[in-house]
Amino acid sequence: MTVPLAKRGENKFSVEVFDKRGDTVFLEDNMIIITKTFANVGALLAAHSIGVEIKERLGSEVSRFDYLVREGDTLPAKGQKKFRAAQKIRAGSSDSINIKLYQGEIEDIIEDNLCIGVLKISGEDFDFGTIIEGAEIICDYTIDDAGTVKLEVDIPSIGDSFYGNFYSRQEAQVNFDKASDKLNRDGKTLLERIRNIGSAIDGDDYEKLRQAGEIASTAINADQSTTDREELKHIEQDLQAANKTLAEIRERNKFAIRRDDLNGWRNYYETHLKKFAKPNEIEQLENLFDRAETLIERDDSAFEDAVKEIVSFSYGIVIRDDEFIIDSFNSLMKDPDDFDDRESFYRLAQAGKNAIAQKDYTELRRIVGALYSISRRTGDELLTANIIKA
């Protein structure tokens, strides 16, 4: 609860506790003393880093952090950041500039941090003008000692300002009453990432990967009905630590992981994808592979962008494979909890089974697309960050 600190120095509060019958419970020490100090006696430090997700450059799919405060910085804090729009937003349109705030320090996969909110500036929020690609975005921010983040965003090209308030949550304030489903999903995601890089890692880092895998398995098996809230909280904290460890391992072994990733895609292309590709697609893919090869040793995100282009291009080919679309449907059927709209999920599930029975794979492709469109995502996480550093 919140209590007033009426004076500098010691503020004393007495505590009374009652049992379910209303009887007083004896406390050996029923006094709480909170000392109110002057700001210059001891500064309050940020418990977590807070940053804005930005794209590395125009046209890039890779995100980076631009920190407002780092863990250990003095609070309150304020400052100004300048960004540029990465896409055009016309007045009256449903498109938007999305300024996404995260709490944490995992830089290579921003989504592994805690999303604390998005300031969405939609075309519906202004009547005239256009936010052109590259338009200046001036962001003034303040972060108080309670963790409240306030943004005032000015966009000179449309002569308008926008505001947002967000709160950086502490671990003790996370609601663990319905946490096991999220822990199960996060554990699966972590384990999949560990498997994807495991063959490129050795030595001490491999042992750390193994330990992270144990944490992931514990999270996958977490059960709300048999695990108390305190244990769920510990599992959630262990997952956060494991994701941070994984990010450090990826950074230390970046080039080896890139090599392994590219080899994996080359092998998939040669053994499976190539037989479904048209001659011009084969030429395009081989050019994409050659380009990615030249980017492995670079320190920027050009390699990751090249691989995402390979993945996107490959999907347009492999979707022609009936077995692939059946496997995609069956994979979606394994996790009904990934869908909030259960009525639509079960309707599409039955329609998909009928399509498979009738060997109507064109219809099955439509159904798989519809299932992906209703899979569970929070509104904030669904929005794509689309600003770059000025």
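The values are calculated or read from the model by the stated rules, or taken from the named source; none is laboratory data. The model shown is predicted, which means the values in this text are computed figures rather than measured ones. Positions of Cβ are generated from backbone atoms using ideal geometry, with glycine treated the same way; all protein chains shown enter the neighbour counts.
Among the candidates Gly147, Gly203, Gly159, which residue alone is at positive phi and at pLDDT below 85? Explain how you work it out, then say what you get.
On the way: Gly203 fails: at pLDDT below 85; Gly159 fails: at pLDDT below 85.
Just one listed residue meets the conditions, Gly147.
Of (1) modelled with pLDDT of 90 or more; (2) touching a Phe, Trp or Tyr at 6+ places or on another chain (Cβ under 9 Å), Arg347 satisfies all except one. Which?
(2)
For region 301-315, name all the residues that are among the acidic types (Asp, Glu) and out of contact with any Asp or Glu (no Cβ under 7 Å at 6 or more places or on another chain).
Residues satisfying the conditions are Glu304, Glu309.
Report every pair of residues separated by at least 6 positions or lying on different chains whose Cβ atoms are under 9 Å apart, first residue within region 99-118 and assigned by TED's automatic domain parsing to the domain that holds Arg193, second surrounded by 21 or more Cβ atoms within 10 Å (Cβ to Cβ).
If the second residue must be surrounded by 21 or more Cβ atoms within 10 Å (Cβ to Cβ), no pairs are left.
Residue by residue, here is whether (1) within 23 Å of the chain's Cα centre (by Cα); (2) surrounded by 15 or more Cβ atoms within 10 Å (Cβ to Cβ); (3) at pLDDT 85 or above holds:
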| residue | (1), (2), (3) |
| --- | --- |
| Glu304 | yes, yes, yes |
| Gly316 | no, no, yes |
| Phe324 | no, yes, yes |
| Asp337 | yes, no, no |
| Ala355 | no, yes, yes |
| Lys359 | no, no, yes |
| Ser373 | yes, no, no |
| Ile387 | yes, yes, yes |
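Among the residues of region 48-80 satisfying the criterion of being assigned to a strand (DSSP E or B) and in contact with a helix residue (DSSP H, G or I) (Cβ under 6 Å, 6 or more places away or on another chain), which is surrounded by the most Cβ atoms within 10 Å (Cβ to Cβ)?
Among them, the one singled out is Glu53.
Could you tell me whether Ile89 is of a type in the set (A, V, I, L, M) and over 16 Å from Cys139 (Cα atoms)?
yes
Kindly indicate whether any position in region 275-298 is among the polar types (S, T, N, Q), surrounded by 17 or more Cβ atoms within 10 Å (Cβ to Cβ) and not assigned by TED's automatic domain parsing to the domain that holds Glu107.
Taking every residue of region 275-298 in turn, none turns out to be among the polar types (S, T, N, Q), surrounded by 17 or more Cβ atoms within 10 Å (Cβ to Cβ) and not assigned by TED's automatic domain parsing to the domain that holds Glu107.
Filter region 17-43 for residues that are assigned to a loop (DSSP other than H, G, I, E, B) and either surrounded by 10 or more Cβ atoms within 10 Å (Cβ to Cβ) or modelled with pLDDT under 80 (or both) and give the result.
Within region 17-43, Leu27, Asn30, Thr37, Phe38, Ala39, Asn40, Val41, Gly42, Ala43 meet the criteria.
So for region 89-106 (the condition being surrounded by fewer than 15 Cβ atoms within 10 Å (Cβ to Cβ), part of a strand (DSSP E or B) and not small (Gly, Ala, Ser)), does at least one residue qualify?
Yes - at least one qualifying residue is present in region 89-106.
Could you check region 285-344 and list, in sequence order, the residues that are part of a loop (DSSP other than H, G, I, E, B), under 24 Å from Ser63 (Cα atoms) and touching a residue at least 12 places away in the same chain (Cβ under 8 Å)?
Ile296, Glu297, Asp300, Ser301, listed by residue number.
Test each condition in (1) assigned to a loop (DSSP other than H, G, I, E, B); (2) in contact (Cβ under 8 Å) with a residue 40 or more places away in the chain for Val3 and report the one that comes out false.
(2)
Only residues that are within 15 Å of Asp181 (Cα to Cα), charged (D, E, K, R) and either in contact with a helix residue (DSSP H, G or I) (Cβ under 8 Å, 6 or more places away or on another chain) or assigned by TED's automatic domain parsing to the domain that holds Leu114 (or both): list them for region 203-239, please.
Correct list: Asp223, Lys233, Glu236.
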